[in-house]
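The values are calculated or read from the model by the stated rules, or taken from the named source; none is laboratory data. Note that the structure is predicted; figures quoted are calculated from it, not measured. For neighbour counting, all protein chains shown are included, and Cβ atoms are generated from backbone atoms with ideal geometry for every residue, glycine included.
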Amino acid sequence: MKALVYKGPRQVAIENVPDARIEKPTDVLVKITTTNICGSDLHMYEGRTSVEEGKILGHENMGIVIEVGSAVERVKVGDRVCLPFNISCGFCENCERGLTGFCLIANPGNAGAAYGYAEMGPYSGGQAELLRVPYADFNCLVLPPDAEEKENDYVLLSDIFPTGYHATELAGMKAGDSVVVFGAGPVGLMAAYSAMIKGASKVIVVDHHKDRLALAEKIGAIPVDNTDESCVEQIMSLTDGQGADCGCECVGYQCHHHDGHEVPNLTMNNLVNAVRPTGGIGVVGVFNPEDPGAADELAKEGKLAFDFGTFFTKGQRIGTGQANVKAYNRNLMKLIHTGRAKPSMIISHELPLEQAVEGYANFDARKDGWTKVVLKAGK
Ligand SMILES: NC(=O)c1ccc[n+]([C@@H]2O[C@H](COP(=O)([O-])OP(=O)(O)OC[C@H]3O[C@@H](n4cnc5c(N)ncnc54)[C@H](O)[C@@H]3O)[C@@H](O)[C@H]2O)c1
Ligand SMILES: [Zn+2]
Ligand SMILES: [Zn+2]
């Protein structure tokens, strides 16, 4: 099969690799129809993770089941399915509690597994023609009959729509709250969109990319251009000097000034200052325990100079981590099915899998207009 393979920093290639296949009776084999490039893939692409050469990338996958293992009971050949980026067993202590992003079985010795990702287990990604799906009865979200027609909406249930939603949940957001979102990338835009769906009174989105801020505005949010580093003042004046009721971090450890200079504590400390006393902060932007390529010594060891004194004095709360996609994907699917949500509005580019290399380069450059790339396989 053809697949996108990691070769080294800023080097990926489409190669012929052995076909994915059923390895355990609980697996299914999926013929990929759509697979996305994620901001998370860019951490690997830029050489800022430990991902090994030869890894097939891709954790935002959707396709058609073409073969089922002998122990699979629910999922059938022909089903159109969307796969959560997390691989989870369904029966460990964390999965039982709905915390499928922290499965204790799928990636032994660690909490959490995923397709095609550094430190997330031995699983190949879905930027390929075929994908092996473990614990398939638990992991497959079987889509309704409009699956093909709304493919670009449903494929976003694999990660960014539930992840954006998760950011608002981690922040403790309730109807009527004002919400500030740092980052107008795909995840930040989906956090803003989720906040709108949940009935926020005001959503503010901070970034320095005008094209992405324009999309935030289209979603109904107030864009804050932080090119001049005035975001905290702008947010305070938009919230009567109080700060937002809650905040979402949707950027992660490579957050930076508009000139590209990385400052690892920038978004976290801006959030502490821009969220009101007793407000909640939800962090879905990725932070790693180690980052040898970091700009400063602390960050190399995964540490931040965090404004803990202000955070404590303001009595704020913080929630972090990978999104438990399964906690949300079924209900968000229903919103898409009934026409109440159309997250595909943020997709800017639809390319054949064969052009994935071009997709990576342009999305990584955050080139004007390259907001979200979906790849079509088997066309
Ligand atoms: N927790 C999870 O489950 C999960 C899932 C998917 C993605 N992620 C992570 O979410 C983050 C965002 O992903 P994405 O796909 O939107 O990526 P992206 O890189 O396309 O978007 C990040 C955006 O943040 C902006 N930004 C950079 N520095 C900033 C700053 N100081 N202030 C405000 N905005 C700033 C960038 O301009 C960019 O538009 C990444 O770290 C990704 O790994 C986490
Ligand atoms: Zn992703
Ligand atoms: Zn589990």
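Here is a yes/no grid of residues against (1) within 19 Å of Asn288 (Cβ to Cβ); (2) buried (at least 17 other Cβ atoms within 10 Å of the Cβ); (3) of a type in the set (Gly, Ala, Ser); (4) more than 16 Å from ligand 2 (Cβ to nearest atom):
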| position | (1), (2), (3), (4) |
| --- | --- |
| Leu4 | no, yes, no, no |
| Pro9 | yes, no, no, yes |
| Ala13 | no, no, yes, yes |
| Val17 | no, yes, no, yes |
| Ile32 | no, yes, no, no |
| Ile37 | no, yes, no, no |
| Met62 | no, yes, no, no |
| Val75 | no, yes, no, yes |
Inset, instruction - Specify the residue that is farthest from ligand 3 (Cβ to nearest atom); the eligible residues are those in the range 95-119 that are crowded, with 23+ Cβ neighbours inside 10 Å, aliphatic (A, V, I, L, M) and assigned to a loop (DSSP other than H, G, I, E, B). - result: Ala113
Legend entry - Residue list for the range 307-316, filter: exposed (fewer than 14 other Cβ atoms within 10 Å of the Cβ) and in a loop (DSSP other than H, G, I, E, B): Gly315
Legend entry - Flag if Tyr154 is in the same structural domain as Glu23 (by TED's automatic domain parsing), touching a Leu at 6+ places or on another chain (Cβ under 6 Å) and either within 29 Å of Gly319 (Cα to Cα) or within 16 Å of ligand 3 (Cβ to nearest atom) (or both): yes
Inset, instruction - Scan the range 268-303 residue by residue and report those that are under 19 Å from the mean Cα position of the chain (by Cα) and either surrounded by fewer than 24 Cβ atoms within 10 Å (Cβ to Cβ) or not β-branched (Val, Ile, Thr) (or both). - result: Met268, Gly282, Val283, Gly285, Val286, Phe287, Asn288, Pro289
Inset, instruction - Go through (1) of a type outside the set (Ser, Thr, Tyr); (2) in contact with an Asp or Glu (Cβ under 7 Å, 6 or more places away or on another chain); (3) within 16 Å of ligand 3 (Cβ to nearest atom) one by one and return the number of the condition Leu57 breaks. - result: (3)
Legend entry - Matching residues, the range 129-160, being touching a His at 6+ places or on another chain (Cβ under 8 Å) and surrounded by fewer than 22 Cβ atoms within 10 Å (Cβ to Cβ): Pro144, Asp146, Lys150
Inset, instruction - Hey, can you tell me all the residues within the range 320-349 that are surrounded by fewer than 17 Cβ atoms within 10 Å (Cβ to Cβ), in contact (Cβ under 8 Å) with a residue 40 or more places away in the chain and either not assigned by TED's automatic domain parsing to the domain that holds Asn139 or not in a helix (DSSP H, G or I) (or both)? - result: Thr320, Arg340, Lys342
